[in-house]
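K.L.:
If you scroll down you'll find the structure; I have some questions about it.
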Amino acid sequence: MAFSPQYGAYPRTSATTAAVFDAGLRAYMLRVYNWMASGLLLTGVVAFAIAHTSLINAFYPMVEGPDGLMHPQPTALAMIAVFAPLAFVLVLSMGVNKLSVSAAQGLFWAFCAAMGASLVSIFLIYTQESIARVFFITAATFAATSLYGYTTKSDLTRMGSFMIMGLFGIIIASLVNIFVHSSALQFAVSIIGVIVFTGLTAYDTQRIKSSYLQFAYADGPDGAAKRSVFDALSLYLNFINLFMLLLQLLGNRNNN
């Protein structure tokens with residue numbers, strides 16, 4: 001078939017195809033990072049707004065303790081807020097192929113808002129300065145690790161499997177520590193957790209890149225839009241968990 005010069009068409013070469021594909025991959029990854037960053041922003045705004053307005057009384061009202069001092073006491077709403085994000089994650093993970101694009105996006109925003117409500121307590125426990133400092137440390141660590149996962153030529157599949165096993169380990173250890181209240185175990189969980197979620201960030205970034213190579217043309221625009229939300233959720237969860245673990249290690253507690 002001849003191509004008319006006035007339309008600027010030309011035969012597709014392998015170099016041209018590779019360039020178009022690379023541009024599509026960069027655009028997709030940028031979409032994923034934009035979703036993740038927007039979700040983090042919403043989470044931060046919701047947590048800050050609740051913690052610094054009268055809404056905090058609905059979550060953590062001040063109650064006089066046995067020592068005669070006032071302490072924040074979690075309400076039923078606070079407990080619901082803590083576990084609500086899990087429900088959103090399950091719905092998004094299991095229904096990503098059945099949900100419409102708008103439904104997947106709406107659930108993602110709802111999840112990020114619910115996560116913000118679940119993180120209100122950090123403003124009661126840690127100073128705002130240390131929260132901000134740890135956030136920037138987390139952002140720098142996440143960016144460097146994700147960049148490594150995107151650019152490395154090494155296959156991180158085996159490392160990812162090992163990190164997932166480590167994730168199950170820290171979940172079990174955290175549940176055990178609810179009953180034993182060991183500060184040494186909590187410290188070990190925090191250290192190992194930082195390593196695990198740093199590794200998972202690199203692994204998930206490479207996995208997202210590889211999945212684009214596999215599904216770039218098969219999913220279509222709607223499939224790619226939903227997949228970008230799900231991929232953003234994976235990176236978002238890595239960031240939040242890394243932030244919380246670093247906050248436990250590096251955060252300065254309030255004196256009250």
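The values are calculated or read from the model by the stated rules, or taken from the named source; none is laboratory data. In this text the structure is predicted, and so the values were computed from the model without any measurement. A quick note on method: Cβ atoms are made from the backbone with ideal geometry, for glycine too, and the neighbour counts reach across all protein chains shown.
K.L.:
Filter segment 66-94 down to the residues that are surrounded by 12 or more Cβ atoms within 10 Å (Cβ to Cβ), touching a helix residue (DSSP H, G or I) at 6+ places or on another chain (Cβ under 8 Å) and of a type outside the set (Val, Ile, Thr) and list them by number.
P.N.:
Pro72, Pro74, Leu77, Ala78, Ala81, Ala84, Pro85, Phe88, Leu92
K.L.:
Also, I was wondering about something else. Out of everything in segment 32-46 that is hydrophobic (A, V, I, L, M, F, W, C) and buried (at least 17 other Cβ atoms within 10 Å of the Cβ), what residue ends up being farthest from Val120 (Cα to Cα)? Give the steps one after another, and end with the answer.
P.N.:
Here is the first cut: in segment 32-46, the ones hydrophobic (A, V, I, L, M, F, W, C) are 32, 35-37, 40-42, 45-46.
If we keep only those that are buried (at least 17 other Cβ atoms within 10 Å of the Cβ) too, we end up with 32, 35-36, 40, 42, 46.
On the way: Val32: 26, Trp35: 22, Met36: 20, Leu40: 14, Leu42: 13, Val46: 8 Å.
Checking each candidate, the answer is Val32.
K.L.:
Evaluate segment 114-128: report whether one residue or more is surrounded by fewer than 18 Cβ atoms within 10 Å (Cβ to Cβ), of a type outside the set (Val, Ile, Thr) and closer than 24 Å to Asn34 by Cα.
P.N.:
No, segment 114-128 has no match at all.
K.L.:
Looking at segment 95-126, which of the residues that are in contact with a helix residue (DSSP H, G or I) (Cβ under 9 Å, 6 or more places away or on another chain) and assigned to a loop (DSSP other than H, G, I, E, B) is nearest to His71 (Cα to Cα)? Break it down stepwise before answering.
P.N.:
Step one: list which residues in segment 95-126 are in contact with a helix residue (DSSP H, G or I) (Cβ under 9 Å, 6 or more places away or on another chain), which gives 95-97, 99-101, 103-105, 107-126.
In the following step, the residues that additionally are assigned to a loop (DSSP other than H, G, I, E, B) were identified as 96-97, 99-100, 119-121.
Working: Val96: 41, Asn97: 45, Leu99: 43, Ser100: 44, Leu119: 17, Val120: 15, Ser121: 12 Å.
Filtering first and then ranking leaves Ser121.
K.L.:
Would you please name the residue that is nearest to the chain's Cα centre (by Cα), looking only at residues in segment 222-256 that are charged (D, E, K, R) and in a helix (DSSP H, G or I)? Please lay out each step first, then the result.
P.N.:
Initial filter on segment 222-256 (charged (D, E, K, R)): 222, 226-227, 231, 253.
Remaining after also requiring in a helix (DSSP H, G or I): 222, 226-227, 231.
On the way: Asp222: 22, Lys226: 16, Arg227: 15, Asp231: 10 Å.
This residue is Asp231.
K.L.:
Now for a separate question. Tell me, please, whether a residue that is crowded, with 17+ Cβ neighbours inside 10 Å, within 16 Å of the chain's Cα centre (by Cα) and modelled with pLDDT of 80 or more can be found in segment 207-221.
P.N.:
Yes, some residue in segment 207-221 is crowded, with 17+ Cβ neighbours inside 10 Å, within 16 Å of the chain's Cα centre (by Cα) and modelled with pLDDT of 80 or more.
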